[in-house]
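Okay, so here's the structure we're looking at.
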């Protein structure tokens with residue numbers, strides 16, 4: 001799949017080069033073509049990274065089952081990160097495929113994930129909820145950090161079987 005994407009992009013770059021060198025287009029149109037192909041490259045790069053299984057920087061689903069976590073503590077060179085592998089819950093049923101997420105490092109979430117992982121290793125499934133943190137109202141993309149979530153993890157309730 002990634003080979004097909006790479007070859008498609010190489011063909012697009014070749015067509016762009018041919019259009020720039022041998023067409024009689026005005027300069028502004030050639031500049032627009034270069035800008036468009038550049039934007040397409042960065043968009044395609046992010047799509048390919050999502051296909052390869054890199055952790056998503058998206059928000060966690062509202063309800064999920066915790067499968068695994070990797071904790072990268074902050075150092076002088078990095079701010080640290082929390083990588084979680086979860087299975088989203090839709091209408092009480094887990095989704096077909098799990099997903100990896102990258103969360104910013106916080107001590108509280110670090111300890112919460114450690115406790116959850118201990119219970120997962122003991123065979124107790126863990127269910128999590130993620131709610132947006134309460135804050136000022138308004139356009140969130142204007143205020144960095146306003147998209148933080150409040151994550152809670154607890155034991156997954158055992159299923160209730162119908163009576164015979």
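Just so you know, all these numbers are worked out from the coordinates, no wet-lab data involved. Everything quoted here is computed from the prediction, not taken from an experiment. Cβ sites come from the backbone with ideal geometry, for glycine too, and all protein chains shown count toward neighbours.
Observations on the structure shown:
- Acute angle (nearest 10 degrees) that the helix 107-121 long axis makes with the longest principal axis of the chain, alpha-carbon atoms: 70 degrees
- Helix-only mean residue ellipticity at 222 nm for the chain, each DSSP H run of n ≥ 4 adding -39500 (n - 2.57), per residue, nearest 500: -13000 deg cm²/dmol
- The distance linking segment 57-130 with segment 9-41 is 43 Å (Cα centroid to Cα centroid, whole angstrom).
- Using the Cβ-Cβ distance between residue 164 and residue 97 with R0 set to 30 Å, the FRET efficiency works out to roughly 0.30.
- Three-way shape label, segment 63-155, alpha-carbon gyration tensor, a/c 1.5: oblate
- Of the residues 95, 46, the one with the fewest other Cβ atoms within 10 Å heads the list, and the complete ranking is 46, 95.
- Shape of segment 2-51, Cα gyration tensor, a/c cut at 1.5: oblate
- Efficiency of FRET from Cβ geometry, residue 45 and residue 68, R₀ 25 Å, rounded to 0.05: 0.40
- Approximate spin-label separation residue 152-residue 78, in nm, with each point projected 7 Å along Cα-to-Cβ: 3.1 nm
- Compared with the dominant Cα axis of the chain, that is its longest principal axis, helix 27-51 is turned about 30°.
- Segments 120-130, 8-18 sorted - mean Cβ within 10 Å per residue, highest first: 120-130, 8-18
- Cα long-axis angle, helix 2-22 against the chain (0 to 90 degrees, to the nearest 10): 30 degrees
- In terms of its alpha-carbon gyration tensor, the chain comes out prolate; a/c meets the 1.5 threshold, and the first ratio a/b outweighs b/c.
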